[in-house]
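The values are calculated or read from the model by the stated rules, or taken from the named source; none is laboratory data. Computed from a predicted model, the values in this text were never measured in an experiment. Quick reminder, even Gly has a Cβ in these numbers, built from the backbone with ideal geometry, and neighbours come from all protein chains shown. Accessible surface areas use protein heavy atoms only, side chains included; no ligands, DNA or RNA. Shrake-Rupley method; radii C 1.70, N 1.55, O 1.52, S 1.80 Å.
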Amino acid sequence: MKCGVEEAYAKINLTLDILGVRPDGYHEMDMVMQSVSLSDTVTLSLEDELGVRVTSNREDLPQDRKNLAVDAALHFWEVNGKKEQGLAISIHKRIPVCAGTAGGSSDAAAVLRGLNRLTGAGLSQSALMELGSLVGSDVPYCIMGGTARATGRGEILTPLTSLPDCFIVLCKPNFSVSTPELFRQWDQKIPDQRPNTPNMLDALLKGNLTGVANELYNVFEAVLPPDEQTEVRLIRKLLCAEGALGASMSGTGPTVFGLFDQRELAEQAVSKLKTRYAHVFLTRPV
Ligand code: C5P
């Protein structure tokens with residue numbers, strides 16, 4: 001039995017902008033993404049018994065193709081022309097689900113990377129990313145990781161100068177957001193305020209963490225329902241009061257993150273937030 005282990009890292013959006021609706025119904029995105037050290041551990045075992053089986057420390061994960069990890073494995077067999085094999089996927093989840101931090105997409109990316117290694121298929125990173133785009137718009141980025149600009153549906157990626165090392169506190173409030181629903185809200189009420197992506201790119205190029213922190217912005221925050229928007233704003237304010245250089249919501253939320261240049265301040269922020277929220281993490285850029 002062949003086995004492999006992959007770490008599936010969470011991501012945050014340093015910026016998230018929507019440029020318009022595309023003829024295919026998807027939205028044209030412009031985002032600056034960053035992977036962080038919070039991760040799920042994905043273990044793959046090739047087995048004799050046919051089919052894809054998933055186990056996890058979280059019992060509510062779907063066992064079928066609705067689970068992006070399963071969908072990724074099935075796409076790998078289909079597109080790669082390899083005879084379908086038996087596969088057991090074990091996911092140790094630490095990334096909260098439905099949190100705007102690409103947990104499911106990252107697990108799918110880990111499955112594609114792992115299967116490529118285990119089966120000796122030898123697909124290039126760009127071929128794997130193309131395969132990932134069939135599974136979901138964020139999966140190609142999760143295959144690549146690091147600091148990158150994502151355009152198109154999110155699948156066109158340009159690597160950027162790495163975010164300077166720092167401490168990133170993530171806090172997920174206790175509600176979930178539906179991605180298609182939030183896109184619909186944006187369609188109905190296009191927000192005026194937008195991120196300044198060129199300024200963000202310039203701050204990254206200069207290795208200026210304060211500059212990056214000043215340019216954090218996500219257009220989805222303005223289209224959240226009012227109560228949820230209030231909660232997200234409150235967490236941003238709490239993070240900044242604890243010394244974050246800047247704070248913003250990630251993806252379609254509701255996770256909020258703050259960038260810190262001092263570990264001590266980041267740890268204090270984690271302690272304070274943990275008195276109110278269940279899902280709080282101290283991470284680093286990876
Ligand atoms: O690509 P993915 O399956 O992750 O997208 C989930 C949903 O998010 C899509 O069905 C669509 O409603 C919305 N979406 C979008 N534009 C994008 C990415 C996602 O409208 N660029």
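For the reader, a short list of remarks on this structure follows.
- Sites Ser126 and Glu59 - FRET efficiency at Förster radius 30 Å, r taken between beta-carbons, to 0.05: 0.25
- Contact order normalised by residue count of the range 197-286, Cα under 8 Å, 6+ apart, percent: 21
- To the nearest ten degrees, helix 226-241 and the longest principal axis of the Cα atoms of the chain are 70 degrees apart.
- For a label point 7 Å along the Cα-to-beta-carbon line of Arg284, residues of the range 7-43 with backbone N under 18 Å: 7-12, 34-40
- Dividing the convex hull volume of the alpha-carbon atoms in the chain by its residue count gives 125 Å³ per residue.
- Between 0 and 90 degrees, the angle of helix 179-188 with respect to the longest Cα principal axis of the chain falls at about 50 degrees.
- The range 162-286 shape via C-alpha gyration tensor axes, a/c threshold 1.5: oblate
- Ranking Arg117, Arg53 by solvent-accessible area of protein heavy atoms (1.4 Å probe, all protein chains present), from largest to smallest, gives Arg117, Arg53.
- Size-normalised alpha-carbon gyration radius of the range 118-197, reference 2.2 N^0.38 Å: 1.40
- CD proxy at 222 nm, helix term only [per DSSP H run n ≥ 4: -39500 (n - 2.57); per residue of the chain; nearest 500]: -10500 deg cm²/dmol
- On Cα atoms only, tilt of 68-80 relative to the major axis of the chain in degrees: 50
- Averaged per residue, the chain has 44 square angstrom of accessible surface, using a 1.4 angstrom probe with ligands and nucleic acids left out.
- Taking every protein chain into account, the 1.4 Å probe leaves Ile89 with about 0 Å² of accessible area, to the nearest ten.
- Rounded Å value of the spacing that divides the Cα centres of the range 241-286 and the range 161-212: 14
- Under-5 Å amide H pairs with Ser37, H placed in peptide plane, nonlocal only: Arg284, Val286
- FRET efficiency estimate (nearest 0.05) - Cβ-Cβ, Ser176 to Asn214, R0 35 angstrom: 0.75
- Percentage relative contact order, the range 103-244, counting C-alpha pairs under 8 Å, at least six apart: 16
- Carbon and sulfur %, accessible surface of the range 221-286 computed with the full protein complex present, 1.4 Å: 50
- The label-point distance for Thr158 and Asp187, in a model that sets each label 7 Å from Cα toward Cβ, rounds to 2.9 nm.
- Estimated at 0.36 nm per residue, the fully extended path between Arg194 and His92 surpasses their Cα-Cα distance by 33.1 nm.
- Within the accessible area of the range 59-144 (1.4 Å probe), percent carbon and sulfur: 51
- Cα gyration tensor shape of the range 1-42, rounded if a/c is under 1.5, else prolate or oblate by comparing a/b with b/c: oblate
- Cα shape, the range 25-106, gyration tensor, a/c 1.5 rule: oblate
- Accessible surface ranking for Leu87, Leu282, 1.4 angstrom probe, highest first: Leu282, Leu87.
- Exceeding the 28 Å Cα-Cα cut-off - candidates Lys2/Lys172; Lys11/Lys206; Lys189/Lys237; Lys93/Lys272; Lys206/Lys274; Lys11/Lys66: Lys2/Lys172; Lys206/Lys274
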